[in-house]
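Report on the structure given below.
No value in this document is a laboratory result; all are computed from the given coordinates. Note that the structure is predicted; figures quoted are calculated from it, not measured. We place every Cβ from the backbone using ideal geometry, glycine too, and count neighbours over all the protein chains shown.
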Amino acid sequence: MSIKFPYTQGQSAAVSHIISRRVSVVQTNMVGQVVPSDDELKQIFQGAMAVPDHGQLNPARFVVIKGDKKRPYINKMYAVKTAGNPNFPLSEDEYAHNFSGVGMFIVAFANIQLGKIQPYEQEWSVAASIQNMLNLFYAFGYAAKWNSMHKDKAEPFKDYLNVDAVWVPMGYLMIGKSADTAKQKSRDDYQQFFTDF
C-alpha cells in the first residue's frame, strides 16, 4: 500500500478519528494478557520515533517486559510500593491480580544529553513518543494505559532493569485488550481552551 503526502480527506479523517476517540484503559479492565503481533509492534515502535526531536538526539529509551518477565517485574513494583508503607492493604498476590490481564509493559526513560538542547525538551520528546504509542496501540485495537514513575522511586527499577544509572524515568505503559471495547470518553469542546490573538 502506497500512502503519500498530501493525504486524502478520508485518510486525514481516519487519523483525526483515532486520535480524538482514543481512551486509556485501566489495567484492571484489561483481559487475556494480549500482546500485539511482531508486525504490529514494529509499526507501533517505529511510530514512537516519529516525534519532534530538537537536535535529533533520540533521547527515548524503552524496556519491553512481557511473557515470563512480567510477574517478577510486578513483584518488584510491589516491593518498591511497600518499602516505605508497611500498612499497604494488599498482599503481593492481590496486587499482582490487578495486572492479571496486562499483556506487556513498556518502561520509558529519557537519555538526557547535555548541551544546547535543554533537558526538559528531551523529556518532552520522550513524552511525545509515549503519546504516539498510545494512539497507535488504540489504532490497532489494543488497550493501553500510561502511569508516570516517581523519580525518587526510580533507582530500584533502574537497577532491576539494568539500565544506565543516569537515565531519567518517565513511567510505563501497560498493554492488553479491553474488557469494555465500547467504552468512549466525552471530551470538552476545544473552543474554551483556544483564543485568537
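Values for this structure:
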{"item": "Relative exposure of Tyr190, Tyr172, judged by other C-beta atoms within 10 Å (fewest first)", "result": "Tyr190, Tyr172"}
{"item": "Kirkwood-type radius of the stretch 23-180, with distances r between different C-alpha atoms, in Å", "result": "16.3"}
{"item": "Most mobile listed residue (Ala139, Ala179, Ala165) in the chain, GNM with C-alpha springs under 10 Å", "result": "Ala165"}
{"item": "Under-25-angstrom lysine pairs by C-alpha in the stretch 81-189, whenever the two are 8 or more apart or on separate chains", "result": "11"}
{"item": "Acute angle (nearest 10 degrees) that the helix 119-139 long axis makes with the longest principal axis of the chain, alpha-carbon atoms", "result": "80"}
{"item": "Simple Cβ-charge dipole of the stretch 63-138, Lys/Arg +1 and Asp/Glu -1, about Cα centre, in debye nearest 20", "result": "160"}
{"item": "Value of [θ]222 nm, deg cm²/dmol, for the chain, DSSP H segments ≥ 4, -39500 (n - 2.57) each, nearest 500", "result": "-11500 deg cm²/dmol"}
{"item": "Of Pro89, Pro156, Pro169, the one that fluctuates the most in a GNM where the chain has Cα springs shorter than 10 Å", "result": "Pro89"}
{"item": "Proximal lysines relative to Lys4, as straight alpha-carbon distance under 25 Å, when same-chain residues fewer than 8 apart are discounted", "result": "Lys42"}
{"item": "Magnitude of the charge dipole, the stretch 23-180, Cβ model with Lys/Arg +1 and Asp/Glu -1, debye to 20", "result": "80"}
{"item": "Residues of the stretch 165-194 with amide N under 17 Å of the 7 Å Cα→Cβ point at Asn111", "result": "165-171"}
{"item": "The stretch 91-156 versus the stretch 49-87: alpha-carbon centroid distance in Å", "result": "6"}
{"item": "Charge dipole magnitude, Cβ of K and R +1, D and E -1 - the stretch 52-100, Cα centre, debye nearest 20", "result": "160"}
{"item": "Selected from Gly103, Gly176, Gly47 as most flexible by GNM, with the chain as the system and alpha-carbon contacts under 10 Å", "result": "Gly47"}
